[in-house]
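Read through the structure below, which is laid out as structure tokens, and then see the notes.
The values are calculated or read from the model by the stated rules, or taken from the named source; none is laboratory data. Here the structure is a predicted model, which means the values were calculated and not measured. These accessible areas exclude ligands, DNA and RNA; they are computed on the full protein's heavy atoms, side chains included. Shrake-Rupley method; radii C 1.70, N 1.55, O 1.52, S 1.80 Å.
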Amino acid sequence: MVYCTRSHQLKIVITILKRLKRKIDFIILEEHKKIGIPNHCSGLISTNLERFIKPDPECIEHKVRGAILHSPKGTEIILKKPRIAAYVINREKFDHSLKESIDEIAFGERVTRVRTTKECALAYTKKTYKAKIILGCDGANSVVARCMNVHPERMIKGILIEKKEKNYSD
């Protein structure tokens, strides 16, 4: 059985597995009480997702073909692609659309620790979950990654600014 930890990335993985008709038993351990709330996950997804699932058009708020990077000294770098590269999505609507294809979600189950034995992996919340595989989809400060001693080669810091004005881009 595959037990997995929190967040929308996992829901995407599970949806992809189901669409590919893989036989797999799983449970999602979601730290929050509701899907999509609080909204602190990125609302930007790659169009590569379409190789596996088609996002619900109701969830897409904007199609991205490029970006303008601003340096502290005022230099601008314009990046453009001929095709749509990403979608800005309504995270709550998107998560709810994926929820329809997921069998079992345990809400309010924040994973605090993970360890492995020769026979299995264990995920600890208020309960203990035993699994053959654990997928850690719990973000940049992943409890799963830390407990498994997996560290990124490097971290890139950045700032995302959301402006409340009309978008006139292509």
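Among what's in the range 127-145 and is more than 14 Å from Phe26 (Cα to Cα) and of a type in the set (Ser, Thr, Tyr), pick the residue that is most open to solvent (accessible area, probe 1.4 Å).
Thr128
Looking at Ile77, Ile24, Ile28, which one is at pLDDT 75 or above, of a type outside the set (Asp, Glu) and closer than 29 Å to Thr128 by Cα? Step through it out loud before you land on a result.
On the way: Ile77 fails: closer than 29 Å to Thr128 by Cα; Ile24 fails: at pLDDT 75 or above.
After ruling out the rest, the residue left standing is Ile28.
Restricting to the range 28-69, name every residue that is open to solvent by less than 90 Å² (accessible area, probe 1.4 Å), in a loop (DSSP other than H, G, I, E, B) and closer than 21 Å to Ala140 by Cα.
Within the range 28-69, Glu31, His32, Ile35, Gly36, Pro38, Cys41, Ser42, Gly43 qualify.
Mind listing just one residue for me: the one in the range 70-126 that is in a helix (DSSP H, G or I) and open to solvent by less than 20 Å² (accessible area, probe 1.4 Å) and, of those, nearest to Glu30 (Cα to Cα)?
Per the criteria, the residue is Asp95.
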